[in-house]
Structure formats: C-alpha cells, structure tokens
Amino acid sequence: MSFDPSQIHTIAVDLDGTLLNSKSKISPLTHAVLQKAIDQGKNLVIATGRRFFSTFSFAKEFKGDVHVVSNNGQILRHSPSAERISESYLEPKLVYDILLLGKEFHTPPILHVDRFEDGVDMLTEVSITSEIYHNYSGGDFSRTRSIGDFLSLDLDKILVVCFLSLQREDLDSLVQKISALPGASDLRCILTKIPGVAYCVEVINVSVSKWSGISRFLLLKGLDGSGVVSFGDERNDLEMLLHSGFGFAMKNAIPEIKNSARHVTRYSNEEDGVALALVENRIVSF
C-alpha cells in the first residue's frame, strides 16, 4: 500500500496509545519523523481527549506550528501561542441535570472548563488528590480547583463532564440514565479506559468529536479532509479515522477500531508505529 505524498497535507494523531509510548513520551524517531513532516510543509494536528494543558507540552516539543484538538474536539488551540481558535460549551441546563443525576453516583464528577489562561482546567467537589479519582490528573493538582457543591455554580464555559469508575458496568448504567434525560439528544457520552487510571465516561456535545475539531482547522486553512492521514487506537478516534482521507488504526488499537478503520499500522505505539507508517507510505521523506 502506498500513497501519493502530494495528496497528504495534514497529519492528525491521537496522543495516548498512539503518539506516546507506555512511558508517556514521544520517542526520538517519532519526533524526528514528525518534525521532518512539519519541515516539509505538512500540518500536524494532535487530537486528544486530554485537556489542552496536558497536551501543550508535547505540541511545544516541535518547532513550527502545531494545532491541538483537545477535550475530544471541544477546543481547538494553536501551539506555541496557545491561542484559542474555536470552542464548544455544554448547555448549562444540561450540565445541571447531569450533575443532579451524578449525585446518585459513588464518584463525584470532574468538570473540564475553558479557563486555561486563568490557570484552571478542572473543577472538583473534593480534592483531585483523593484516591477516588485514581490519579486522574497524573499528580498535577495545580490547575484544579475544589469548589464544593457544583449545583451552586454558574455552569457556563463547561467543556466536559467526566465520571470515573474501576467498574465499567457502573459507567454503562450511568450512561443509560444520562441518555434518558430531557435534551439528551444534544449530548454524547464517550466511554474509554485510561491506562493506569480507571474507566472514564466523558459527556460532550453530540456534534463534537476529534474530527469536528480537525474540520474546523481544515476550514480555517481552506483544506479538504481527503488530504488528511490520521492515527488512533480508541473509540474516540473512530470518526477521525473514518472521515480522514487515510485513517490508520494502530496495531495496538482496540478490536472495534481495527475492524472499522481502512488501514492498520504494522507497528504499535511502542514500536514507532506512526513514524514508520508515514515513512513506509512515503508521506514523509526521511
């Protein structure tokens, strides 16, 4: 399988399980190949479920422009400037209804908010260092605020409502209850497993995905989706892989994604799968 390199103008890549290895690092080879891609005029878009702050440091490893689609498509920002280009907020009444329902859940929710410039990314009802969050923040509590009862808040500029559990069945049940709420047709629940943390369900706007964030970038640049090559490994990557001109599931992707994607990398994220796919298919001259 080979591609005409002239067709590809943008490389869109997931972070965890795709761009990053098990040590949460971009390997030297993968970094070198992607930097070469940027130098050769390709656009690099990092598309992740992570908040922008925890992705920004990876984007800044590259010299030149990089765009970051964070919070599963809710925010599009530029690196290295951190300028916000577009955003999508949850409707406050729906957030309130979800939080009210969440009072019955055994783990308090986490609210992702669009307050990057203020040094705040997440709001919690108890400290993010509590064991109930299973090290969700990776030890970073500096950008989280514990504010007590969410229901007393002005619920604007909320990007994501997140619930965690060590039991997937708990979250399946919660998703069913959220889906029965009035206005739930405007919502989308993304259930994934965060390695080393827990199962996670994130509630975002139904029209939002990593691909919608990438589409906003393409519109800004006057580019077409057929010239995008993308890489991912989890359920929240599916739209991106299906709508890109060339979508690659990682060798280490979950079966659902590998079965749905048109292409699968020959190597995993531990084996520089993204870099080698780009070089093998002559998308990047290296």
Reachable aspartates and glutamates from Lys93, criterion Cα separation under 15 angstrom, eight or more residues apart if same chain: Asp154, Asp156, Asp186
Principal-axis tilt of helix 168-179 within the chain, Cα atoms, nearest 10 degrees: 80 degrees
Linear extension gain, Glu270 paired with Ser127, 0.36 nm per residue minus alpha-carbon span: 48.1 nm
Cross-link pairs beyond the 28 Å C-alpha cut-off, checked among Lys177/Lys221; Lys23/Lys258; Lys157/Lys177; Lys42/Lys157; Lys210/Lys258: Lys177/Lys221; Lys42/Lys157
At R0 = 22 Å, FRET efficiency that the Cβ-Cβ distance of Val120 and Glu83 yields, to 0.05: 0.75
FRET E, pair Ser285, Lys60, Förster distance 22 Å, beta-carbon r, rounded to 0.05: 0.35
Surface per residue (accessible, 1.4 Å probe) for the stretch 32-161, Å²: 41 Å²
Residues Arg168 and Asp224, FRET efficiency given R0 of 41 Å [Cβ-Cβ distance, rounded to 0.05]: 0.60
Potential lengthening between Lys36 and Ser260 on full extension [0.36 nm per residue; Cα-Cα distance subtracted]: 77.7 nm
Order of exposure, largest accessible area first, which applies to Phe231, Phe116 with probe 1.4 Å: Phe116, Phe231
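Would you please name the GluC sites (Glu not before Pro) within the stretch 2-95 that are DSSP coil residues with at most 16 other C-beta atoms within 10 Å of their C-beta?
Working: sites: Glu61, Glu83, Glu87; in loops: Glu61, Glu83.
Qualifying residues, ordered by number: Glu61, Glu83.
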The stretch 68-132-the stretch 14-38 distance, computed between alpha-carbon centres (Å): 26 Å
Residue-averaged [θ]222 nm for the chain, counting only DSSP H segments that reach four residues, each worth -39500 (n - 2.57): -7500 deg cm²/dmol
Local electrostatic count at Ser285 - Lys and Arg +1, Asp and Glu -1, tallied over other residues with Cβ under 11 Å: +2
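The values are calculated or read from the model by the stated rules, or taken from the named source; none is laboratory data. These figures come from a predicted structure and were not determined experimentally. Cβ atoms come from the backbone with ideal geometry, glycine included; neighbour counts cover every protein chain shown. Heads up: the accessible areas ignore ligands, DNA and RNA and are worked out on the full protein's heavy atoms, side chains in. Shrake-Rupley method; radii C 1.70, N 1.55, O 1.52, S 1.80 Å.
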